[in-house]
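Down below is the structure, laid out as structure tokens.
Laboratory data are not the source of any read-out in this text; all were calculated from the coordinates shown. All values reported here derive from a predicted model rather than from experimental measurement. Note that each Cβ is placed from the backbone with ideal geometry, even for glycine, and that neighbours are counted across all protein chains shown.
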Amino acid sequence: MEVRLFITSAKHMPMDNLIAKLYQSTKTILTIKDLALLWEETNPRNLKSKIGYYVKQGALIRLTRGVFAKDKNYNPKELATSIYTPSYISFETVLREAGIIFQHYDTIFAVAKWPKTMTMDKYAFTFRKLKDVVLFNSTGIASDNNYSAATPERAFLDMIYLFPNYYFDNLKPINWEKCDQMVKIYDNRQLIKRLNKYRKNYQKKYVE
């Protein structure tokens, strides 16, 4: 009987170690790739089995195919940038947080390779497509808190690239010199003209 208890205990030790690694991670959202790296598991069948076990145990919550949360208190921005890769938070989400627009949106807006609007769990997401040369350029993208997000200047340029006449409530937080450097990655003359128009209108309103 003692031997049997020892064998059972030893059998579960690796799993206990895996869950310890799970909660040592600062990420609130984990993809299959994240779990493979975290658990150092190179065998797809073993990885699938382990994930299935922890989903049944409630240690992982399956949000969509290949994307999991450790609990319900996950960061929705992490989720947004895990649904599609590469992707980054931008547009209204960043501009609202920077005080450049005042309208509140429950939806989280991001840049991705494909346009898509969806609801997952209790959150709404809108992904907007930008050409690859922009999407894959990390200029003006900060990767903190386990997700990537545009700086206010990058989000501003993303917005006027897709919406030439967008109204902004407050352009004071914008660093125009940063915009001048960053606008080059879009390789779009019309965008440069739009940028100069917004700057000119801003200067008329606040500088002169």
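For the chain, what does -39500 (n - 2.57) per DSSP helix run (n ≥ 4), summed and divided by total residues, give at 222 nm, in deg cm²/dmol to the nearest 500?
-14500 deg cm²/dmol
Which of the lysines could be linked to K33 by a straight reach, that is with a Cα gap under 23 Å, when you skip same-chain ones fewer than 8 residues away?
K21, K48, K50, K56, K70, K72, K77, K113, K116
State whether the stretch 58-139 is rounded, prolate or oblate according to the following rule on the C-alpha gyration tensor (a ≥ b ≥ c being the square roots of its eigenvalues): a/c under 1.5 gives rounded; otherwise a/b larger than b/c gives prolate, and the remaining case gives oblate.
The shape class here is oblate.
Taking the 0 to 90 degree range and rounding to the nearest ten, how far is the long axis of helix 44-57 tilted relative to the main principal axis of the chain, both from C-alpha atoms?
90 degrees
What do you get for the angle between helix 189-206 and the principal long axis of the chain? Use alpha-carbon atoms, 0 to 90 degrees, nearest ten.
70 degrees
For the chain, evaluate the Debye formula with one uniform point scatterer on each Cα (no solvent term) and list log10 I(q)/I(0) at q = 0.12, 0.18 Å⁻¹, rounded to two decimals.
-0.70, -1.20
Just in the stretch 106-154: which trypsin sites (Lys or Arg not before Pro) are loop by DSSP and have at most 13 other Cβ atoms within 10 Å?
Passing sites in the stretch 106-154 are K122, K131.
Please work out the Kirkwood hydrodynamic radius for the stretch 107-189, using every pair of different C-alpha atoms, and report it in angstroms with one decimal place. Show your work: numbers first, answer last.
Values: mean 1/r = 0.0720 Å⁻¹.
Result for the stretch 107-189 stands at 13.9 Å.
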